[in-house]
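Any read-out appearing in this document is the output of simple, stated calculations on the displayed coordinates, not a laboratory observation. Every value quoted in this text rests on a predicted model; they were computed, and no experiment measured them. Here the Cβ is made from the backbone with ideal geometry for all residues, glycine too, and neighbour counts use every protein chain on show.
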Amino acid sequence: MRLNTTTWIPIYYLFLIVFIVVISQQRAIWRIIAVKKRAKRGVAGMTNEILKKYIGKNCHISTGPFGTSIVGIISDINENWLEVKTKKDIQLINAEFVQSIRVVNR
């Protein structure tokens, strides 16, 4: 029995969707594992006192290998969340996932 192209295309799409779902779930699991490892070692995340000195400055914020990097102005810090104004919009970042902040002179 021979399958034509119109039969293979939906099969490939199905495998692609499953692959994307599995990759996104693995990223979420790795983030949770990283937070738990830091908590076990006693490594605290970014505290609000450290972050407050960057309010109003243009910063490059990195959330590590499993997240994204954001460039924008930190406008507010509330509890454990950073509000960052980028060129396009306003984004909220959980401070637990922030690995580094670098001030950008632009």
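Descriptive notes on the structure:
- Angle between the chain longest axis and helix 5-41 axis [Cα atoms, degrees, rounded to 10]: 30
- About the Cα centre, charge dipole magnitude for segment 48-103 (Lys/Arg +1, Asp/Glu -1 at Cβ), debye: 320
- Label separation (residue 35 vs residue 69): 2.4 nm, computed from points 7 Å beyond Cα along the C-beta direction.
- The mean sequence distance of close C-alpha pairs (under 8 Å, at least 6 residues apart), as a share of the length of segment 14-81, puts its relative contact order at 26 percent.
- Among [x] 2, 13, 24, 26, 19, 10, 4, 2, 1, 0; [y] 2, 15, 20, 18, 14, 11, 8, 6, 4, 1, 0; [z] 2, 10, 17, 17, 13, 11, 8, 6, 5, 4, 3, 2, 1, 0, the entry derived from the coordinates for P(r) over Cα pairs in 5 Å bins from 0, in percent: [z]
- Which of 74, 33, 101 has the fewest Cβ neighbours within 10 Å, and the rest in rising order: 33, 101, 74
- Positive-pole candidate from 51, 64, 80, dipole of the chain, charges at beta carbon: 64
- Around the Cα centre of the chain, unit charges on the Cβ atoms of Lys, Arg, Asp and Glu (plus for the first two, minus for the last two) sum to a dipole of about 360 debye.
- Within-13-Å neighbourhood charge of residue 95 [Cβ basis; K, R +1; D, E -1]: -3
- Alpha carbon centroid spacing (whole Å) that separates segment 57-106 from segment 15-43: 20
- Exposure proxy ranking, count of Cβ atoms within 10 Å, fewest first, for 54, 13: 13, 54
- Residues 73, 20, sorted so that the one with the fewest Cβ neighbours within 10 Å comes first: 20, 73
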